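See structure below.
The values are calculated or read from the model by the stated rules, or taken from the named source; none is laboratory data. Since this is a predicted model, take the numbers as computed values, not measurements. Quick reminder, even Gly has a Cβ in these numbers, built from the backbone with ideal geometry, and neighbours come from all protein chains shown.
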Ligand code: URA
């Protein structure tokens, strides 16, 4: 394994990691975004929610999932007894892609160390990947959300259980999928309860 350096996100504490995100110029997105969007929530969370990238509202406010999709995500989390402030919420990308275009693979790769750093510090019991970009990035696959959801998958050498569900922005356009997301979220809730120390 490569020797850790002072600029290795895998050795950083929270303050260092946050400062490194703010200072990052590893891809071109820093030129077009307003500000970085690090992540928010409980740093001891049992559940880590991973989304795609900041949108316009997040770019303006500096916090993930604060727009319409975020409000729906909040209601979904609330409904399974994991309100927003009890979980940790982060995105694959810390900077908004222009016009909310999909992240490019290279951008996700270059940003990956920050998400891994967050994961290492939080050590969540479970990961909920919302949407295709988060799911495909974490699981290193091309499979669709429709094929990835409905079963437990694993992330990383620690084999953290991952559940995949549809992105709330997609749900806003396709509300008929809500019952599937409800199934996914109640499955997450049951798994937390089963290992429960809360
Ligand atoms: N969509 C995401 O995936 N993340 C956000 O932070 C906001 C919208």
TODO: Answer with yes or no whether residue 1 is in a loop (DSSP other than H, G, I, E, B), more than 22 Å from residue 165 (Cα to Cα) and either in contact with a helix residue (DSSP H, G or I) (Cβ under 6 Å, 6 or more places away or on another chain) or modelled with pLDDT under 95 (or both).
DONE: yes
Task: Residue satisfying all of: in segment 22-43; in a helix (DSSP H, G or I) and under 22 Å from residue 136 (Cβ atoms); farthest from the ligand (Cβ to nearest atom) among these - done: 28
TODO: Please indicate, with yes or no, whether at least one residue in segment 146-160 is surrounded by 19 or more Cβ atoms within 10 Å (Cβ to Cβ), within 14 Å of the ligand (Cβ to nearest atom) and not in a loop (DSSP other than H, G, I, E, B).
DONE: no
- [ ] Answer yes if at least one residue in segment 182-194 is in a loop (DSSP other than H, G, I, E, B) and within 25 Å of residue 79 (Cα to Cα), and no otherwise.
- [x] no
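Condition check ((1) more than 10 Å from the ligand (Cβ to nearest atom); (2) within 25 Å of residue 173 (Cβ to Cβ); (3) surrounded by fewer than 21 Cβ atoms within 10 Å (Cβ to Cβ)) across all residues:
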{"position": "45", "(1), (2), (3)": "yes, no, yes"}
{"position": "77", "(1), (2), (3)": "yes, yes, no"}
{"position": "85", "(1), (2), (3)": "yes, no, yes"}
{"position": "103", "(1), (2), (3)": "no, yes, no"}
{"position": "130", "(1), (2), (3)": "no, yes, no"}
{"position": "137", "(1), (2), (3)": "yes, yes, no"}
{"position": "142", "(1), (2), (3)": "yes, yes, yes"}
TODO: Restrict the check to segment 6-13 and report whether at least one residue is outside any loop (DSSP other than H, G, I, E, B) and on the phi > 0 side of the Ramachandran plot.
DONE: no
Open item on the list: Being within 12 Å of the ligand (Cβ to nearest atom) and in contact with a helix residue (DSSP H, G or I) (Cβ under 9 Å, 6 or more places away or on another chain) narrows it down to one residue among 62, 81, 67; which is it?
Closed with: 67
